[in-house]
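First up is the structure itself, then whatever we jot down about it.
The values are calculated or read from the model by the stated rules, or taken from the named source; none is laboratory data. No experiment lies behind these values; they were computed from the predicted model shown. With ideal geometry, Cβ positions are generated from the backbone for all residues, glycine too; neighbour counts draw on all protein chains shown.
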Amino acid sequence: MIIYRKSKRNVRFAAGLWIFSSCLDRFCTKGYREETTLERRIELASKVKDLSGIEVGHPGETKDLDELKRLLRTHKLVVAMVASDVYSTPKWALGSFSSPKKEIRDEAIRLTKEAMDVSVELGCRRVSLWLGQDGFDYPFQVNYLKAWDRLVEGIGECADHNRKVTLFLEYKLKEPRTHCFLSDVGKCLMLAREIGRENLGITIDVGHALMAQENLAESFALVHRSKRPLHLHFNDAYRYWDDDMIAGSIHFWEYLELMTWLERLKYDGWYSLDMYPYREDPVKACEQSIRNLKWYAELVKRMGVDRVFELIESRSIEDIIEFLRESMR
């Protein structure tokens, strides 16, 4: 059964602060731009037209909360999400919540609970869990049952830490591991259901969904149907890698369908940008992404959501394609 929410649309744009960093990769390890301070990253974010929120990493960007709050006030921004960094240092090499070492699992739990407390102090009560190091690279490398048991136990303990803070599980097919445990929307929904806490949500990152060969609108509809909280990361990619390109720049029809469903089901969460503009101006890349998203929204309005769904119910793909083409004139 499809559930139609009655909530009023509240379109808010956010961006991860990493967009305004030096944007390094394994071939250019010093980054494609000079490294920026926290103050400079927030200053750059504030220059993006229509941007009102940022995503920050814990503990990297939350070490001095008083200073962070001051910068937020100065630049008239709010925190949309706090990411628990359980992936970016060597200690997480064999995983975080699923690590075979108890002391590492305990550290992941401690750090995530800390991120939850920080999110409360920053007024967002939302924490992202992207478990990029939790997975495997070779056959026979891990005990899958034990690994998943540890995910259930550890994330469940964190969810119990504060039921008023939502933990968002973000999936990705691969990288840095060749196989991530949380590799698609179905596994995230399965894990959330098994843990059984209402304060567990899902983050759909467009590029990650494309890598997993998902259809964006279907993934959104599945999370909506589960009644789980949802967060969206907008970017674009060519499906075989996490390219983190300007939102809506590659997959036109998939984006148009997603935006149609977002309007139909009245998504009222953040439209958050997660990109790596290695060779682009980060402020301009963000502004172009926001303009693209607004353009798609205008196209949806022009088509008429009710008419689109009438055609969907007809299952006449010839008529649907004709309608879509004519709507673009």
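The table for this structure:
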quantity	calculated
Selection within region 200-224 - surrounded by fewer than 22 Cβ atoms within 10 Å (Cβ to Cβ) and in a loop (DSSP other than H, G, I, E, B)	Ala212, Gln213, Asn215
When residues of region 226-260 are limited to those that are in a helix (DSSP H, G or I) and acidic (Asp, Glu), the one surrounded by the fewest Cβ atoms within 10 Å (Cβ to Cβ)	Glu254
Inter-residue pairs, beta-carbon under 9 Å, first over 9 Å from Phe97 (Cα atoms) and touching a residue at least 12 places away in the same chain (Cβ under 8 Å) and in region 150-162, second of a type in the set (Asp, Glu) and not in a helix (DSSP H, G or I), 6+ apart	Ala159/Glu198
Given (1) in contact (Cβ under 8 Å) with a residue 40 or more places away in the chain; (2) within 30 Å of Val300 (Cα to Cα), number of the condition Val127 does not satisfy	(2)
Scope region 274-298; condition aliphatic (A, V, I, L, M) and not in a helix (DSSP H, G or I); matching residues	Met275
Criterion violated by Gly95 - all others in (1) farther than 22 Å from His208 by Cβ; (2) in contact (Cβ under 8 Å) with a residue 12 or more places away in the chain satisfied	(1)
Residues of region 125-150 satisfying the condition of being aromatic (Phe, Trp, Tyr), touching a strand residue (DSSP E or B) at 6+ places or on another chain (Cβ under 7 Å) and farther than 24 Å from Ala80 by Cα	Phe136
Checklist (1) closer than 30 Å to Leu71 by Cβ; (2) buried (at least 21 other Cβ atoms within 10 Å of the Cβ) applied to Lys164, failing item	(2)
Residue within region 247-262 that is within 18 Å of the chain's Cα centre (by Cα) and either at positive phi or of a type in the set (Lys, Arg) (or both) present	yes
Close pairs from region 268-297: first modelled with pLDDT of 95 or more, partner assigned to a helix (DSSP H, G or I) and among the hydroxyl-bearing types (Ser, Thr, Tyr), Cβ under 6 Å, at least 6 apart	Leu273/Ser289; Tyr296/Tyr255
Selection count where residues are acidic (Asp, Glu) and either closer than 24 Å to Phe309 by Cα or in contact with a helix residue (DSSP H, G or I) (Cβ under 6 Å, 6 or more places away or on another chain) (or both), scope region 196-235	2
Selected residue (criterion: nearest to Met275 (Cα to Cα)) from residues of region 215-246 that are of a type in the set (Asp, Glu) and under 15 Å from the mean Cα position of the chain (by Cα)	Asp244
Pair list, Cβ < 7 Å and 6+ apart or interchain, from region 182-210 residues that are closer than 24 Å to Asp137 by Cα and at pLDDT 95 or above to residues that are of a type in the set (Ser, Thr, Tyr) and surrounded by fewer than 21 Cβ atoms within 10 Å (Cβ to Cβ)	Leu189/Ser226
Condition broken by Glu263, with the remaining ones in (1) touching a strand residue (DSSP E or B) at 6+ places or on another chain (Cβ under 9 Å); (2) over 21 Å from Val48 (Cα atoms); (3) part of a helix (DSSP H, G or I) satisfied	(1)
